[in-house]
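Where a number appears in this text, it was derived from the coordinates with a stated rule and is not lab data. In this text the structure is predicted, and so the values were computed from the model without any measurement. Note that each Cβ is placed from the backbone with ideal geometry, even for glycine, and that neighbours are counted across all protein chains shown.
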Number of protein chains: 2
Amino acid sequence: MRGGATQPAVRATLEDVARAAGVSLATVDRVVNRREGVRAKTVARVEAAVAKLGYRADVAAARLARGQSFRFAFVLPAGSNSFMTNLSEQVQRTAEWLASQRGFIDILHVDVFDPDVLAGALDGLSSVYQGVAVVALDHPKVRDAIDELTARGIAVVTLVSDAPSSRRLHYVGIDNPAAGRTAATLMGRFLAAREGKVAVIAGSLSLRDHTERQFGFHQILSSEHPNLTTLPVIEGRDDSERTRELTAALLKRRNDLRGIYCCGAGNRGIAAALEASGRARDVIWITHELTQHTRRFLVRGTLDAVINQDPGHEARSAARVLLAHCSGEPISPDQERIRIDIFLRDNLP
Amino acid sequence: MRGGATQPAVRATLEDVARAAGVSLATVDRVVNRREGVRAKTVARVEAAVAKLGYRADVAAARLARGQSFRFAFVLPAGSNSFMTNLSEQVQRTAEWLASQRGFIDILHVDVFDPDVLAGALDGLSSVYQGVAVVALDHPKVRDAIDELTARGIAVVTLVSDAPSSRRLHYVGIDNPAAGRTAATLMGRFLAAREGKVAVIAGSLSLRDHTERQFGFHQILSSEHPNLTTLPVIEGRDDSERTRELTAALLKRRNDLRGIYCCGAGNRGIAAALEASGRARDVIWITHELTQHTRRFLVRGTLDAVINQDPGHEARSAARVLLAHCSGEPISPDQERIRIDIFLRDNLP
DNA sequence: CTGTTAGCGCGTTCAA
DNA sequence: TTGAACGCGCTAACAG
């Protein structure tokens with residue numbers, strides 16, 4: 001048995017360092033927090049003591065003493081699909097966690113699909129907020145609103161949907177082209193050598209994430225699975241009924257349809273159409289976001305794979321990034337990278 | 001725009017509640033922490049004030065006042081494979097995070113594959129530890145050692161590898177049969193209708209997790225993909241060179257080999273044998289754990305899919321569970337469930 | 001049964 | 001350039 005580095009049972013305090021260095025609390029504090037007004041010689045003495053005792057600041061006590069607290073706004077879509085409802089719940093849970101770190105979250109529900117409304121909401125945001133997380137829209141007005149917030153000194157992170165050309169601090173969400181490529185690889189491999197058509201259903205091609213997914217999907221499918229060709233993209237507007245009709249028509253029209261990739265919402269419509277057609281087990285269907293619905297379709301065998309982003313991770317990551325930024329702490333990007341999850345019936349959480 | 005529930009900018013303190021209820025700090029403290037010795041009527045008054053002000057305790061300040069700190073031991077395998085090295089690093093990072101919560105982690109490296117050594121290490125653990133996380137072995141001696149720790153009042157969580165019959169508090173790791181089923185589904189679908197043999201390579205069948213994975217794999221493959229039959233399990237002892245030899249022999253012997261499922265380590269050996277045989281792109285290879293090596297094989301196309309458990313999540317989850325248990329806080333099991341990740345070349349993090 | 005008081009580790013005046 | 005002293009929100013010992 002090899003013992004690891006045993007840490008001291010209880011951490012050294014500022015006072016321990018002060019005693020070891022033969023100076024006062026305040027002096028150690030100045031050195032530790034890199035403030036002016038200490039002789040170089042004293043600095044050296046204190047730093048030596050810090051190193052010797054392995055002193056590490058107690059951030060909780062520091063925040064307590066500073067009386068520091070944070071207030072963030074989360075701007076989320078109003079009355080939307082299952083994924084967004086989940087996201088909302090996860091933000092709520094994150095808020096409870098954050099409260100124990102002296103951080104407070106207000107949730108604002110707005111129609112994020114209307115650039116004017118979204119930009120207006122951002123413009124109207126009070127300056128009590130030190131940070132904002134927003135499900136963005138890649139539109140000039142929204143970009144300007146984000147830049148304006150940034151100019152006012154409010155940190156902005158985009159959540160799930162990015163506005164890359166804006167001056168947001170950080171994007172919390174998946175790499176959408178990569179998600180599309182992942183879907184394509186699964187589609188191509190599940191269909192193996194079979195020949196035929198693959199349909200792509202998006203909510204709207206004016207949504208950046210849908211376009212990016214579709215782009216990644218096409219890229220891999222055309223280059224690596226030439227036996228499969230994609231049909232023109234169908235826009236279901238994330239509406240189940242409309243998507244059902246379009247899918248039903250498609251199934252009727254094309255006997256050579258082998259697969260469906262849905263890069264938006266409206267999954268209940270696809271399931272209904274597939275099951276009504278009797279080709280549910282034959283046509284490979286891959287979609288995004290694990291919800292109560294897609295989980296059911298997966299278990300039932302109608303749906304073959306789900307590409308997922310974890311709304312809980314996303315909510316917590318957004319909060320952590322804002323908190324770290326406001327406390328002047330560094331953020332480690334690879335720690336905050338949102339994974340592209342793949343769920344089959346067998347690895348459902 | 002619909003506004004969400006706006007929280008007060010700054011939280012109510014114990015003192016605010018005391019003032020509102022017309023009692024002293026100590027009384028509020030007693031009520032809030034459910035201690036004895038307060039008249040029912042007073043309790044009610046205080047609780048009303050708590051509710052009215054939306055009071056929530058500042059856990060950081062509480063811990064500070066309590067002078068409470070925690071000390072945990074993490075017992076990990078000595079000098080082992082890439083996955084275990086990653087796990088070790090992640091435990092180290094978790095230790096740094098925990099230090100800011102007044103928690104301290106000592107890492108002990110022992111030969112966890114020898115039940116006597118592992119049990120001895122657990123038996124010898126000092127009582128300064130309030131909790132232990134251990135990569136366990138499902139063996140009577142180890143189980144007894146865990147039960148003994150539990151009897152001494154030390155909380156034990158098993159990490160990555162469980163000892164289900166013991167009295168451990170919690171298991172932090174993936175559902176291994178489900179992981180095996182996931183691998184089988186991928187194998188079956190990637191091979192589609194092709195007929196042939198699939199090899200299963202385990203480290204050792206006396207390792208519970210390897211057996212469970214292999215069980216899940218067989219279960220799905222035999223029931224859902226009758227075109228594929230599995231060969232007798234090969235035990236590579238998680239050793240690359242031995243695994244390479246066995247794999248090379250297998251490839252030479254069987255022209256009808258279509259897939260390899262490796263439910264243990266030794267991946268470098270499999271890659272070498274596959275690439276030397278010239279059948280790397282033809283034989284579907286699925287394995288466990290994303291490491292620097294498996295990542296490379298995936299990108300190169302030799303490896304087709306990786307079933308992964310995130311060592312960072314596992315390390316943090318173990319720490320959170322121990323911390324919560326020692327602070328008397330509840331743990332939410334679904335929050336702590338470790339996901340079965342699937343990685344293809346396209347969704348590598 | 002209830003209130004008073006002295007810290008926990010740190011940041012921040014204000015004095016020296 | 002340095003130090004002493006107070007307070008952040010809470011707990012715990014002691015007093016009433």
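What the table below lists for this structure:
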| quantity | calculated |
| --- | --- |
| Inter-chain Cβ neighbour average for residues B:334-346, partner chain, 10 Å | 5 |
| Spread of Cα-to-Cα distances over 20 Å intervals beginning at zero, given as percent, for chain B | 26, 43, 23, 7, 0 |
| Per-copy distances of the A:THR150 label point, shortest first, in nm (7 angstrom along Cα→Cβ) | 5.4 |
| Inter-copy label distances at A:ARG295 (7 Å, Cα→Cβ; nm, one decimal) | 3.1 |
| The stretch A:21-101 - charge dipole about Cα centre, Lys and Arg +1 at Cβ, Asp and Glu -1, debye rounded to 20 | 540 |
| Cα-derived Rg to Rh of the stretch B:30-76, Kirkwood definition | 1.20 |
| Per-peptide average of other Cβ atoms within 10 Å, ordering A:153-164, B:272-283 highest first | A:153-164, B:272-283 |
| Normalised alpha carbon radius of gyration of the stretch B:20-119 [divisor 2.2 N^0.38 Å] | 1.75 |
| Where Rh is the Kirkwood radius over Cα pairs, Rg/Rh for the stretch A:161-299 | 0.97 |
| Peptides ranked, highest mean first, by Cβ atoms within 10 Å: ranges B:166-173, A:96-103 | B:166-173, A:96-103 |
| Size of electric dipole in the stretch B:219-258: Cβ of Lys, Arg +1 and of Asp, Glu -1, about Cα centre, debye, nearest 20 | 200 |
| Contact order normalised by residue count of the stretch A:304-349, Cα under 8 Å, 6+ apart, percent | 65 |
| Taking the convex hull of Cα positions in the protein assembly as shown, its mean projected area over all directions (nm²) | 35.0 |
| Calculated label separations, A:GLU245, copies of the chain, 7 Å along the beta-carbon direction, nm | 6.9 |
| Extreme residue, positive dipole direction of the protein assembly as shown, given options B:TYR129, B:SER204, B:ALA265 (C-beta unit charges) | B:TYR129 |
| Folded to 0 to 90 degrees: helix A:176-191 orientation relative to chain A principal axis, Cα | 40 |
| Whole-number percent relative contact order across chain B, with pairs defined as alpha carbons under 8 Å at least 6 apart | 13 |
| Amide hydrogen neighbours beyond the local backbone of A:HIS170, cut-off 5 Å, H modeled | A:THR158 |
| Histogram of C-alpha separations across the stretch A:102-229, 10 Å bin width, % | 12, 36, 23, 17, 10, 2 |
| Contact order normalised by residue count of the stretch A:186-312, Cα under 8 Å, 6+ apart, percent | 25 |
| Between the stretch B:49-92 and the stretch A:120-169, the alpha-carbon center distance in angstrom | 34 |
| In the stretch A:282-349, trypsin sites (Lys or Arg not before Pro) in a DSSP loop with at most 16 other beta-carbon atoms within 10 Å | A:ARG337 |
| Dipole magnitude of the protein assembly as shown, debye to nearest 20 (Cβ charges: Lys/Arg +1, Asp/Glu -1, about Cα centre) | 660 |
| The stretch A:244-290 versus the stretch B:252-321: alpha-carbon centroid distance in Å | 33 |
| Phi-based couplings in Hz for the stretch B:83-96 (Karplus 6.51, -1.76, 1.60; Gly and Pro marked x) | 4, 5, 5, 4, 4, 4, 4, 5, 5, 4, 5, 4, 4, 5 |
| Two-decimal Rg to Rh for the stretch A:218-277 - Kirkwood Rh, Cα set | 0.99 |
| Sequence ranges B:257-270, B:120-133, B:41-54, ranked by mean other-Cβ count within 10 angstrom, highest first | B:257-270, B:120-133, B:41-54 |
| Acute angle (nearest 10 degrees) that the helix B:140-151 long axis makes with the longest principal axis of chain B, alpha-carbon atoms | 10 |
